[in-house]
Amino acid sequence: MIVNLHAIKAIYRFEMARTGRTLMQSIASPVLSTSLYFVVFGSAIGSRVGDIGGVSYAAFIIPGLVMLSLLSESISNASFGIYMPKWSGTIYEVLSAPISYLEVVIGYVGAAASKSVILGSLILLTARLFVDYEIAHPVWMIFFLLLTAATFSLFGFIIGIWADGFEKLQIVPLMIVTPLTFLGGSFYSIHMLPPIWQKLTLFNPVVYLISGFRWSFYGISDVSVEVSILMPLVFMAACIVVVRWIFKTGYKLKN
């Protein structure tokens, strides 16, 4: 199979150019919001919480805050990126072009994931202004960052195709993903919870993402690192199956 790199590049560059036109909304706003978390939780509350697993509270919440922004922005970027061509009707030009669904997905999802990785990197740099932190496993940190961005951008791509209105684009990120992230150990270790809640929390898939990402920083985790790696891979595989079915059937694309 020959991959049309020119088509992928065209879609990718178009989507990345949109970021430049919405710089305040796409980059500046999430970074500013996360900075406020560092001020409120890291400085004001962190001094009273103390260390968690030998890590200061201000440093402990950094992986959780990065994941909080990464998950929501990956979904939003990808869903909005594919929804706008549907809304304006230009999606038919893409569907009629001599390119495969794989090339379309790589272009849109690759751009959304790139934006999220840039945002996550900026948040990590911004965190340096508020607290000192070390990255124990930088290669694994990059791996978790890229894997999470790609997986949830793919999930956002599916949401963008499913949504038939701007309101639906925000339902999953605001009503499902954000609450799961807050309840997934962004600001605390699940070992701080009562035993029954520790068991219930394990049904939250975001716990594994945050735990694995935090392990790459400080070498501590709430759950098995192997499971933290496996969970997003399984979710990505499920999303790929759904995307393939969407393009095969034309679900909400050709009607």
Go through the stretch 101-115 and count every residue that is out of contact with any Asp or Glu (no Cβ under 8 Å at 6 or more places or on another chain) and small (Gly, Ala, Ser).
-> 3
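Give me a count of the residues in the stretch 234-248 that are at pLDDT 90 or above and out of contact with any Ser or Thr (no Cβ under 8 Å at 6 or more places or on another chain). It would help to see each step written out before you state the result.
Start the filter on the stretch 234-248 by keeping residues that are at pLDDT 90 or above, which leaves 234-246.
Filter once more, keeping what is out of contact with any Ser or Thr (no Cβ under 8 Å at 6 or more places or on another chain): 234, 237-238, 240-246.
Summing the residues that are at pLDDT 90 or above and out of contact with any Ser or Thr (no Cβ under 8 Å at 6 or more places or on another chain) in the stretch 234-248 gives 10.
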Every listed condition ((1) over 16 Å from SER72 (Cα atoms); (2) part of a loop (DSSP other than H, G, I, E, B)) holds for GLY184 save (1)
ILE190 vs. criteria in contact (Cβ under 8 Å) with a residue 24 or more places away in the chain, of a type in the set (A, V, I, L, M) and under 24 Å from LYS86 (Cβ atoms) | no
Of the conditions (1) under 27 Å from ILE240 (Cβ atoms); (2) buried (at least 20 other Cβ atoms within 10 Å of the Cβ), ALA127 fails just one. Which one is it?
-> (1)
Sort out which residues of the stretch 155-184 are within 19 Å of the chain's Cα centre (by Cα), small (Gly, Ala, Ser) and over 20 Å from LEU233 (Cα atoms), and write them in order of number.
-> GLY160, ALA163
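For the stretch 22-137, list the helices (runs of 4 or more DSSP H) that sit wholly inside it and hold at least 1 residues that are of a type in the set (Val, Ile, Thr); which are they?
Details: elements: 29-37, 46-49, 57-60, 62-88, 91-96, 101-127.
Fully inside the stretch 22-137 and qualifying: 29-37, 46-49, 62-88, 91-96, 101-127.
The values are calculated or read from the model by the stated rules, or taken from the named source; none is laboratory data. The structure presented is a predicted model; accordingly, all values stated were derived computationally and were not measured. Counting neighbours? That spans all protein chains shown, and the Cβs are built from the backbone with ideal geometry, glycine included.
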